[in-house]
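Since the structure comes first, as structure tokens, the remarks are kept for the end.
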There are 2 protein chains.
Amino acid sequence: MRVLLAFALVVAVAAAARAEPQIFNIYDFAFEDGSVLPELRVAYETHGKLGAGRDNAILLLHGTSGNRHSFDAMIGPGKTFDTDKNFVITVDAIGGGDSSSPKDGLGQDFPRYTIRDMMAAQHALVTRGLELTTLRAVGGSSMGSFAALEWGIHHPELVRSLILLVPSPRAEANFQLTVDLMTSVIALDPDWQGGRYARNPVEGLRLAGMVYLPWTVSAAYLDRLPAAQLAKEIEDSARAFANWDANSLVLRYAASRAHDVSGPFGGDLGTALAQVTAPTLVLPSASDRLLGVDGARRIRDGVKQASYAEIPSDLGHRAARPAPGTPEGEFIDREIRALLAKIE
Amino acid sequence: MRVLLAFALVVAVAAAARAEPQIFNIYDFAFEDGSVLPELRVAYETHGKLGAGRDNAILLLHGTSGNRHSFDAMIGPGKTFDTDKNFVITVDAIGGGDSSSPKDGLGQDFPRYTIRDMMAAQHALVTRGLELTTLRAVGGSSMGSFAALEWGIHHPELVRSLILLVPSPRAEANFQLTVDLMTSVIALDPDWQGGRYARNPVEGLRLAGMVYLPWTVSAAYLDRLPAAQLAKEIEDSARAFANWDANSLVLRYAASRAHDVSGPFGGDLGTALAQVTAPTLVLPSASDRLLGVDGARRIRDGVKQASYAEIPSDLGHRAARPAPGTPEGEFIDREIRALLAKIE
């Protein structure tokens, strides 16, 4: 399959209030599409201590627009991912955060990476970098759940449980169309220049973030927001997108758009999902109109040991990343604790 | 309120296969915002014959992107709007079709017209142009239902029934945001030039049509379409938008965006809806994610003689304009016939 000719583990000095990432370098990383990067940098952080049995690690994977800090509010002593008991690993996916990404200089020439490439890089980190042979859980939200599901399919021997927040086994037409439109909006900005820009196409990125916003929540949520708050959320979404390098953002969403666990199984979704042996918690959001709940239901129906619960919320896709103490946060916390209690 | 200083009825020679519109000119038309057009042209067509009692007229009002032909498939001998019995009037709303619109030359200087302005122009046509004192029904779809509801509120003495397809008593945040985004996409096109363009911003219009598409249907519908058909629908939506003059499209959607029947009632929706005395058929689409069903339910709850039925469909907002013979078309046909049977 893919060849990892060499690798290295570099532990960065972490003294600042917000920890500097640790860096794991993978040399000659071969992507699913056949392209090779001489050096792929994987940025990660760990929280808590690895137990003597080396069996208390939990790997957490963020969403398309996120990074290794996306789960910070749920990680700590006594929290959902309790660092008194667990060794929690958070990773920047390929293409963003402090991991190798198009913005490092390759731009449009950066490999068209996939969800399975992300998983492969994480797998190298976990098995060769951290020298782990088992994970108590792999959890992910949105794009992170896509990668977590690939972990369950391709490394069932390593993974003792899966936590899938707003997941889908593949990107369906509605999501693909949304991504295509955001990408087209960015390309409409004259600064885009076919992706070989001298100046980041900020207006296109801002507008793409605004186009994205209503898909991430429900109509009921938009309608109950005071006008000033809605304006702030629109601006926040615009700014979050504009803070990305355009090529990095476009390739990141392209990876999510291409997500399909059935690919290596000739398009047979049932066969792909049947590979998963780990107890799998499936937590879609009842009001999700970006991905919907159909994909989550397919996972429920195709994975042997799946438990399924819809987050009751009008936050839509965003329900998967709630503030602690909210009803959504408590629902998710309760479900995850119940799963982890069974995984010793 | 508004002063119609003069008016004229011009019957155009209609000999072609597709009838030329009839034209009704309103002089010194005063818009709700205080601006005045010296001459407002209202294009319309009639189907069937006005009865001796002059009481068999049905007025049909199209959606935001439509025109007087939007209901053509439902109009004719034996059809839903049976021309053996009814005198059916279809009108191009202000700002599009062959009625006065920004593309005639005023561009950005065309008045910011409203749904109530449309109703006022239609009212002038019906009462002064056609000299009718009663309408068997006013029916409308989407924006047309907005105007039909205004008819029921402001002219209860004229209207014997209302037919509201995918209606809402006011534009809510989700729809407003969608309109804002489409408008912003058009403005991102360098050809837009703040609306004072020398060349229609076709790329922006095309992309706005694509941004609009997924809102008009359901995710389930997009997912069940074969890829080639989905590509065709995206292209059709892009082309339909690009066929509009940009200012005409932007002002048309701005009118729908500003829709709120409670405006003249100090924002009191209950008081506004209580003005409606006519039996009112409310037909939202169960899968509508552009307007949702909440607005339709508010109409049901606020109008004294409302009957409410959700069109069972995955066509979303588009379910209101189905092909004849489809389940949606038959559902709508049955409901409208049942209403009209009671309105003699």
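Which members of region A:123-152 meet the condition of being in a helix (DSSP H, G or I), open to solvent by less than 10 Å² (accessible area, probe 1.4 Å) and under 27 Å from A:Ile332 (Cβ atoms)?
Residues satisfying the conditions are A:Leu125, A:Val126, A:Met143, A:Gly144, A:Ser145, A:Phe146, A:Ala147, A:Ala148, A:Leu149, A:Glu150, A:Trp151, A:Gly152.
What number of residues within region A:162-189 satisfy the criterion of being assigned to a loop (DSSP other than H, G, I, E, B) and either out of contact with any Leu (no Cβ under 9 Å at 6 or more places or on another chain) or more than 8 Å from chain B (Cβ to nearest Cβ) (or both)?
5
Filter the helices (runs of 4 or more DSSP H) completely within region B:193-306 down to those with at least 2 residues that are more than 22 Å from the chain's Cα centre (by Cα) and in the same structural domain as B:His154 (by TED's automatic domain parsing).
Details: elements: B:202-216, B:219-224, B:227-242, B:246-257, B:269-274, B:294-302.
Qualifying helices (runs of 4 or more DSSP H): B:269-274.
Just for region B:190-204: of the residues that are touching a helix residue (DSSP H, G or I) at 6+ places or on another chain (Cβ under 8 Å) and within 11 Å of chain A (Cβ to nearest Cβ), which one is surrounded by the fewest Cβ atoms within 10 Å (Cβ to Cβ)? Reasoning before the result, please.
Narrowing region B:190-204 to residues touching a helix residue (DSSP H, G or I) at 6+ places or on another chain (Cβ under 8 Å): B:191-192, B:194-197, B:200-204.
The next check asks that each one be within 11 Å of chain A (Cβ to nearest Cβ); those that pass are B:191-192, B:201, B:203-204.
Details: B:Asp191: 15, B:Trp192: 22, B:Pro201: 25, B:Glu203: 20, B:Gly204: 26.
Ranking the candidates gives B:Asp191 first.
Whether any residue in region B:214-227 is out of contact with any Asp or Glu (no Cβ under 8 Å at 6 or more places or on another chain), open to solvent by less than 10 Å² (accessible area, probe 1.4 Å) and more than 9 Å from chain A (Cβ to nearest Cβ) is what I want to check.
Step one: list which residues in region B:214-227 are out of contact with any Asp or Glu (no Cβ under 8 Å at 6 or more places or on another chain), which gives B:214-216, B:226-227.
Then keep just the ones that are open to solvent by less than 10 Å² (accessible area, probe 1.4 Å); that gives B:214-215.
Applying the additional criterion that residues be more than 9 Å from chain A (Cβ to nearest Cβ) yields none.
For region B:214-227, residues out of contact with any Asp or Glu (no Cβ under 8 Å at 6 or more places or on another chain), open to solvent by less than 10 Å² (accessible area, probe 1.4 Å) and more than 9 Å from chain A (Cβ to nearest Cβ): absent.
Let me confirm something: among B:Gly266, B:Gly270, B:Gly209, which residue is touching a residue at least 12 places away in the same chain (Cβ under 8 Å), out of contact with any Leu (no Cβ under 8 Å at 6 or more places or on another chain) and surrounded by fewer than 22 Cβ atoms within 10 Å (Cβ to Cβ)?
Only one candidate qualifies: B:Gly270.
Only one residue in B:Ala93, B:Ala73 is more than 15 Å from the chain's Cα centre (by Cα) and either among the aliphatic types (A, V, I, L, M) or not in a loop (DSSP other than H, G, I, E, B) (or both). Which one?
None of the others qualify; the one that does is B:Ala73.
Find the residue count for region B:237-254, including only residues that are open to solvent by less than 20 Å² (accessible area, probe 1.4 Å) and of a type in the set (Asp, Glu).
Qualifying residue count for the region: 0.
Report, by residue number, each residue of region A:279-292 that is surrounded by fewer than 23 Cβ atoms within 10 Å (Cβ to Cβ) and either in contact with a Cys (Cβ under 8 Å, 6 or more places away or on another chain) or more than 10 Å from chain B (Cβ to nearest Cβ) (or both).
Hits for region A:279-292 are A:Pro279, A:Ala286, A:Ser287.
Yes/no matrix, rows are residues, columns are (1) within 30 Å of A:Val261 (Cβ to Cβ); (2) among the aromatic types (Phe, Trp, Tyr); (3) in contact with a strand residue (DSSP E or B) (Cβ under 7 Å, 6 or more places away or on another chain); (4) without any contact (Cβ under 8 Å) to a residue 60 or more places away in the chain:
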residue: A:Ala173; (1), (2), (3), (4): yes, no, no, yes
residue: A:Val185; (1), (2), (3), (4): yes, no, no, yes
residue: A:Leu205; (1), (2), (3), (4): yes, no, no, yes
residue: A:Ala220; (1), (2), (3), (4): no, no, no, no
residue: A:Leu225; (1), (2), (3), (4): no, no, no, yes
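The values are calculated or read from the model by the stated rules, or taken from the named source; none is laboratory data. It should be emphasised that the depicted structure is a prediction, and the values quoted were computed from it without experimental measurement. So basically every Cβ, Gly included, is an ideal-geometry build from the backbone, and we count neighbours across all protein chains shown. Only protein heavy atoms, including side chains, enter the accessible area calculation; ligands, DNA and RNA are left aside. Shrake-Rupley method; radii C 1.70, N 1.55, O 1.52, S 1.80 Å.
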